[in-house]
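Input: a single structure, listed below in structure tokens.
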Amino acid sequence: MNHPPTGELFRTGAGSDLVLTRSFRASAEDVWASITEPESTARWFGPWEGDAAPGRTIKVRMAFEDEAPWLDMRIDACDPPRQLALSATDESGTWRVEMLLSEAAGATRLRFVQHLETEEQLGEIGPGWEYYLDMLVAARDGSPTPDFAAYYPAMRPYYAGLPAQT
């Protein structure tokens, strides 16, 4: 495993929020480009196409999943370079995620949040987001691409037993 799991779980009025963070020595605008520009997202998650605007739906190719499927994602909120909220529905259910950026002293903190209706699949979801966020780190700093086998099943017990904070 590249590093210990970083996820935390917080109870909300609508369920739970899984929160993972990463920090970058870069401006929020630079990190924003990495999470929104198709050429950049292609290196760590997958390319996307469409007319990107709040309330619109784009097509995202999940390039690092089996068979690299395309997924429709709705842009629920977009406030550059601070907040991007997306939602999608697939055979696994509805996914609602937010990426929140804050900048201080030349560094940007990315707070990745998945809003969960249920915690049933947390043992699978958590390691997957750890992997993708480390793919983002590798794409930005040119380090070797992580191997998913280092995340799952190794991180599964941590996420399956993650206690919720209030």
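Percent relative contact order of the chain, based on C-alpha pairs within less than 8 angstrom and at least six residues apart?
Values: 328 pairs, mean separation 44.2, N = 166.
With pairs under 8 Å counted, the relative contact order is 27 percent.
Can you tell me how the chain classifies by the Cα gyration tensor, rounded, prolate or oblate, using a/c under 1.5 as the rounded cut? Cα axes put the chain in the rounded bin. Shown for the chain: the carbon plus sulfur share of the solvent-accessible area, taken with all protein chains present and a 1.4 angstrom probe, equals 50%.
Ligands, DNA and RNA are left out, and with a 1.4 angstrom probe the accessible area of the chain is 52 Å² per residue. If both residues of a DSSP beta bridge must be in the chain, then about 95% of such bridges are antiparallel.
Given axes a ≥ b ≥ c from the Cα gyration tensor, I'd like to know whether segment 1-63 is rounded (a/c under 1.5), prolate (a/b larger than b/c) or oblate. Oblate shape, in that a/c is at least 1.5 and b/c is the bigger or equal ratio. At what distance in angstrom do the alpha carbon centres of segment 1-51 and segment 140-158 lie from each other? Answer, in whole Å: 15.
The values are calculated or read from the model by the stated rules, or taken from the named source; none is laboratory data. Since we're looking at a predicted model, the values are computed, not measured. Accessible surface is based on the protein model in full, side chains and every heavy atom, while ligands, DNA and RNA are left aside. Shrake-Rupley method; radii C 1.70, N 1.55, O 1.52, S 1.80 Å.
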